[in-house]
Amino acid sequence: EALQYGKGAIMLLSHMGPWEVLTHLPQIAAGHGVVAPLAAMYRPLNNTYLDRWMHRQREAMGTRLFSRRDGFHRPVDFIRKGGVLGILADQKMRQGERVPFFGLECKTSPIAGLFHRRSGAPMLALSIETVGFAKWKLTVDSVDLTEVPDQPSREALCLLCNQALEQVLARSPCDGFWLSKRF
């Protein structure tokens, strides 16, 4: 539904379950009748050689990658052309807006909200739930933007993203995967 209007979409992702398998999302989505270009924001690895290898591995499955080096406008243009951009929105940030996440204040990246504000695209939240040995259920929920004003603040958008991720992680807390202390 989110792609009906040709605006693309922003998909909030969490480090949940085997999240690296999401590079296969183009094939998974196509198997369910959803055909749209998919991309993800990523942080380049410090090791240049390993980064090139990882980049090739991830893009080989059909998921385009954008990094900070690509600037702000390339991902926004991708969304505006009907693409779905995935953002791991649960990362620990040195900078960002301080908003609650599971009741505790933490710095949250405003990038998903800024992409929404610039593109007008709907926001989605994806959860990965383990349902058996090497079997997972992916669920995509629309993020309710009906209460969001026309020009929401960065803080309001960060709070909205955190609330969406709380719902996703509450669905299957055991699948949450963090190696860093976010709070």
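The values are calculated or read from the model by the stated rules, or taken from the named source; none is laboratory data. Keep in mind it's a predicted model, so treat the numbers as computed, not measured. Neighbour counts run over all protein chains shown; Cβ positions are idealised from the backbone, glycine included.
Observations, loosely collected:
- Residues satisfying the stated conditions in region 140-162, i.e. polar (S, T, N, Q) and under 19 Å from the mean Cα position of the chain (by Cα): S142, N162
- Inter-residue pairs, beta-carbon under 6 Å, first closer than 17 Å to L25 by Cα and in region 115-134, second polar (S, T, N, Q) and buried (at least 18 other Cβ atoms within 10 Å of the Cβ), 6+ apart: E129/S172
- Being under 26 Å from T146 (Cα atoms), free of Cβ contacts under 8 Å to residues at least 40 places away in the same chain and aliphatic (A, V, I, L, M) holds for only one residue in V76, V99, V84, V34, and it is V34.
- Among the candidates A30, A36, A40, residue that is more than 22 Å from L165 (Cα to Cα) and either touching a strand residue (DSSP E or B) at 6+ places or on another chain (Cβ under 7 Å) or at pLDDT 95 or above (or both): A36
- Close pairs from region 150-173: first under 16 Å from G113 (Cβ atoms) and among the small types (G, A, S), partner at pLDDT 90 or above and surrounded by fewer than 16 Cβ atoms within 10 Å (Cβ to Cβ), Cβ under 9 Å, at least 6 apart: A164/D141
- Scanning region 138-165 for residues that are farther than 18 Å from I111 by Cα and surrounded by 14 or more Cβ atoms within 10 Å (Cβ to Cβ) yields L138, V140, D141.
- M61 being touching a Leu at 6+ places or on another chain (Cβ under 9 Å), of a type in the set (A, V, I, L, M, F, W, C) and assigned to a loop (DSSP other than H, G, I, E, B): yes
- Filter result for I28 (in a helix (DSSP H, G or I), under 22 Å from D175 (Cα atoms) and not small (G, A, S)): yes
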